Amino acid sequence: MKMKAAILEVYTGFVSLLTGMRITLGQAFKPVITVPYPRRTLKMPARFRGHIQFVIDPETGKSRCTACKLCERACPSECISVDGAKLEGQKTKSVTDYKLNFTTCSLCGSCIEACPFDAIEFSKDYNVVALSRDEFNHMDLIQRLAARREASMQNQPPAAPPEPAAPTPAATPAATPQPEEPKVS
């Protein structure tokens, strides 16, 4: 009985070895999917969730946030703090301070769903790097919005100067026919 068990163990070990080698050889001839990271990056999928950021209002160029604090109340991690004030000449409150503690954010999206003005969204930034953890404890979203707005202004081409108005037909001198050049045959 011991001899039969030993032969069975050697046989199953050999089958296991062949299975492993078959998988290894199969993977060795597949195309490489590794991307040389610093020189080339992958496009992030549409559903990628980076840290939250303000949405720029196309009409005003500012944030849509009215400091209603619904995002702060909806956050299960309690990582958002919002302050706002009603500025002169405006109908609604404006956000004056919006801090995100990214070290405790779970990227659940409750804040985005709770916002009635669609003022915040997930960013597509995946390469957020800092030298210390403290830089992520209080991410200032207002400051980041200003930096994004400034970068988009620098990336836009300067506005073309207005073209001069075409002269009116009455103001132009009468067109004189040009003499034709003799044709060479």
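The values are calculated or read from the model by the stated rules, or taken from the named source; none is laboratory data. Because the structure is predicted, anything quoted here is derived from the model rather than measured. Cβ coordinates were reconstructed from backbone atoms using ideal geometry, including for glycine residues, and neighbour counts include every protein chain displayed.
Figures for the structure shown
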quantity	calculated
Residue match in the stretch 111-123 (condition: of a type in the set (S, T, Y) and at pLDDT 90 or above)	yes
Count of the stretch 71-105 residues which are crowded, with 18+ Cβ neighbours inside 10 Å and of a type in the set (A, V, I, L, M)	4
Count of the stretch 42-98 residues which are under 23 Å from Y126 (Cα atoms), of a type in the set (A, V, I, L, M, F, W, C) and in contact (Cβ under 8 Å) with a residue 12 or more places away in the chain	10
Among the residues listed as R49, R39, the single one being within 18 Å of the chain's Cα centre (by Cα), assigned to a loop (DSSP other than H, G, I, E, B) and charged (D, E, K, R)	R49
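Okay, residues lined up against (1) aromatic (F, W, Y); (2) loosely packed, with under 10 Cβ neighbours inside 10 Å; (3) modelled with pLDDT under 90:
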residue: T19; (1), (2), (3): no, no, no
residue: V32; (1), (2), (3): no, yes, yes
residue: R40; (1), (2), (3): no, yes, yes
residue: R49; (1), (2), (3): no, no, no
residue: G61; (1), (2), (3): no, no, yes
